[in-house]
Amino acid sequence: MLAIDVHTHMLSNAWLDLMREHGAPRYRVQASKDAPEGIFLDGAPFMTPQPGHFDYDLRIKKMDEARVDLAIISLTCPNVFWGGAEISEKAARTVNDEMADGQTAHPDRIRWFASIPWEYPDRAVAELTRACNKGAVGVMVLANIAGKSLTDPHFAPVWAEIDRRALPVLVHPTAPAGTPDMDMRGFNLIASIGFMFDTSLAISRMIFDGFIDRYPNLKLIAAHAGATLPYLVGRLDVCFDNMNAAREKISTRPSEYLRRIYYDSVTYRQEALELCVNVGGSDNLLYGSDYPHNIGDMKGCLARVDALPADQRDKARGGNAERIFNL
């Protein structure tokens, strides 16, 4: 069974240059404790570009070493949600064009998720159309869009078009709204804790809001093995069972919705991956590596997938991805 990596990132020098020029006041590119250049959000270390983010040949070399057959690449946070309408659209077009070029250069090894200027729905739908015409097989979104919830009515036209196309959507974390108030500037707490909180909150809100019922064709992928959701599934259900507010828009327990979304395998303990399979189901697990972030683990994440029982292993390695991406 092919190994298909659905959570792996590429950046663009042109994208980074746009951030240097237009990211302020919230985003700045400056030296960090981990690298000569890091991206900071509100003064906190946020994301550290690595050489592999910019080098497709290096990516293919690392994929060969790890025995990964196909990568479905995506931009990472903060995506293109900064700089205003013109810059956001320009950043999205730049990244999408470079990823399309990457697929052209490596047609057997690269596919890609589109980035779109979500804050500006008309522009976002237009760029989604353009990106799909250039070969995008899915869409990336952050778990909050410049502080707005993904269920905000402002984004409804974009979701409607994605649902019409029945595209996979990688829901990837960013810094949670209100990060400065949560004292996350030290210890890289945005990466270790904040990202997990951001994804868990976004997907939980989608469940309780009835969002998953409104857009039945979406294929939502909850990054990092669902963050904390597999661990919290019992609490979500017991709150649904006992609190009227939790049942305002849905009549089915959250645990059932968690079997209607997908999960990548970016987690670092075998028991965590096994819990994810138990909660989400073996048909919903997808191999992911988070390469080339400094905590990415192409070989380790694949080894943990390969340690699953054979039927689960083959689905997660690539069978499920082949199905949902129509590969």
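Here is how the numbers come out for the structure above:
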read-out	value
Euclidean distance of C-alpha centroids, the range 1-37 and the range 245-316, integer Å	25
Extended-chain gain in nm, criterion 0.36 nm per residue less alpha-carbon gap, D34 and D55	5.6 nm
Sum of -39500 (n - 2.57) over DSSP H runs of 4+, divided by residues of the chain (222 nm, nearest 500)	-12000 deg cm²/dmol
Taking the range 4-324 and dividing mean pair separation by its residue count, relative contact order in percent (alpha carbons under 8 Å, at least six apart)	17
Cβ charges +1 (Lys, Arg) and -1 (Asp, Glu), total dipole of the range 190-327, debye	160
Cα-Cα over 30 Å, subset of K249/K299; K148/K315; K33/K299; K90/K148; K148/K219; K134/K315	K249/K299; K148/K315
Rg/Rh for the range 88-204, where both radii come from Cα atoms and Rh is the Kirkwood radius	1.01
Sorted peptide list for 301-308, 69-76, 263-270, 185-192, criterion being average Cβ within 10 angstrom, highest first	69-76, 263-270, 301-308, 185-192
The chain: most fluctuating residue of V233, V68, V277 per GNM, C-alpha cutoff 10 Å	V233
Potential extension, A303-T252 segment - 0.36 nm per residue separation minus Cα distance	14.9 nm
Spin-label model distance (nm) - D213 vs I193, 7 Å beyond Cα toward Cβ	3.5
Dimensionless Rg/Rh of the chain - Kirkwood Rh, Rg from C-alpha atoms	0.94
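We did not get these values from a lab; they are worked out from the coordinates using the rules stated. Owing to the predicted nature of the structure, the values given are computational and were not obtained by experimental measurement. No Cβ is skipped: glycine too gets one built from the backbone with ideal geometry, and neighbour counts run over all protein chains shown.
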